[in-house]
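The next block holds one structure in the form of structure tokens; read it before the comments.
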Amino acid sequence: MLGPYEAQIRAWLGAEPTLSAAVVLQRLMNLDQTRLTNKGLRKVQMAVKAWRQESALQILNGDWMAITPALPPAKSFGNIIR
């Protein structure tokens, strides 16, 4: 049911991490009113929960460093110390 929308849902959650499953479903229903109804709320809730758990595990396992842009190197302060 949610397969075709997974990338879109993950993008919404990435931009707004506190987005509720009900709001996600409402946005999906606005996109495709023929396939999705309020009866799908539980499936959306379970999917959002699973994706949030995946994100949390990436952070806890240190995988977030692979997707976080590296900071530029710090400036050398060797010439300041005399």
Under a plain spin-label model, where a point goes 7 Å from the Cα along Cα-to-Cβ, how far apart in nm are GLN45 and ASN30?
2.2 nm
Cα→Cβ-extended label distance, 7 Å offset, between THR18 and ASN38, nm
2.5 nm
Whole-Hz Karplus couplings 3J(HN,Hα) for the stretch 35-50, θ = phi - 60° and coefficients 6.51, -1.76, 1.60, Gly and Pro as x, run 9, 10, 9, 5, 5, x, 4, 4, 5, 5, 4, 5, 5, 4, 4, 5
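Every number in this text was worked out from the coordinates using simple rules, so none of it is lab data. Note that the structure is predicted; figures quoted are calculated from it, not measured. All Cβ positions, glycine included, derive from the backbone under ideal geometry; neighbour counts span all protein chains shown.
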